[in-house]
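Let me begin by presenting the structure, written as structure tokens, before commenting on it.
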Amino acid sequence: MQYRHWNRIIAAVALGFSVAAHAAPLTIDRLMEVLAGNRQSSATFTETRYIAVLEMPFKSSGELLFVAPSHLEKRTLKPWPESLVLDGDTLTMRNGKRKLVMQLEQYPQVAAMVESIRATLAGDHKALGRVYHLRLDGTLADWTLLLTPRSADVSVVVARIELQGDHNLVHTVEIDQSDGDRSVMHIEPMAQAATAP
């Protein structure tokens, strides 16, 4: 009888620790640690842009590829092919036969927008913190990260960026521009190919 009594006490204490750990608020450091564990990922995306000069939203879709720590590709397939490749500090954009290569340090507003996604996927707290104020809500299973620009140069273009996800997956990226335009990107991870034994 006494053995059962102690078993119940131990189980209750263990349950208490488990609940307390589960209820602990998610911190930015913890989220960044989890995101940084994902060294490579591929996904499909659908993006809707709400642009003041257009009567209807502009929709596109394609694929995303991220390879830590600094390679990000956005390949748009519909409504027409185009690509954006960020490798280190070099951004290469292709649209048909047109190609544009730029160094991010020369275009801080562009850098701020693409870095918000890349640095989040990489779990790079320092890179995000240099450009944005960060506010995190939710749990590891359902988190929302709000980015607001630190500098006036960036806030001229970006009003806010909100990313939503669970664990090391980003599901939604919403960018509100200072001119009132905005975009919403929904991301679905692609099944990883099985590796040979």
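The values are calculated or read from the model by the stated rules, or taken from the named source; none is laboratory data. Note that the coordinates shown come from a computational prediction; the quantities given were computed from them, not determined experimentally. Every residue, glycine as well, gets a Cβ built from its backbone with ideal geometry; the counts of neighbours run over all protein chains shown. Areas reflect the complete protein model, heavy atoms only, side chains present, ligands, DNA and RNA absent. Shrake-Rupley method; radii C 1.70, N 1.55, O 1.52, S 1.80 Å.
For a paramagnetic label modelled at 7 Å from the Cα of residue 105 toward its Cβ, which residues of the range 81-98 fall within the zone defined by backbone nitrogen distances under 19 Å? Those under the cut-off are 86-92. For the range 44-103, trypsin sites (Lys or Arg not before Pro) are listed when DSSP marks them as loop and at most 14 other Cβ atoms sit within 10 Å of their Cβ; the list is 97. Checking every one of the trypsin sites (Lys or Arg not before Pro) in the range 106-197 against DSSP loop status and a limit of 15 other Cβ atoms within 10 Å picks out 150. Which of the lysines could be linked to residue 97 by a straight reach, that is with a Cα gap under 20 Å, when you skip same-chain ones fewer than 8 residues away? Of all the lysines, those that pass the test against residue 97 - Cα under 20 Å, at least 8 places apart if same chain - are 74, 78. Between residue 92 and residue 134, the FRET efficiency estimated from the beta carbon spacing at R0 = 30 angstrom works out to 0.60. Ligands, DNA and RNA aside, residue 162 has an accessible area near 40 Å² when probed at 1.4 Å.
Computed from the Cβ-Cβ distance with R0 of 22 Å, the FRET efficiency linking residue 85 to residue 172 stands at 0.45. How many angstrom separate the Cα center of the range 64-79 from the Cα center of the range 163-183? Distance between centres, Cα-based: 16 Å.
Averaging 1/r over each pair of different alpha-carbon atoms in the range 114-197 and inverting the result gives 13.8 Å, the Kirkwood hydrodynamic radius. Taking 0.36 nm per residue of sequence separation and removing the Cα-Cα distance, the residue 55/residue 29 pair yields an extension gain of 5.2 nm. Estimated at 0.36 nm per residue, the fully extended path between residue 153 and residue 39 surpasses their Cα-Cα distance by 37.9 nm.
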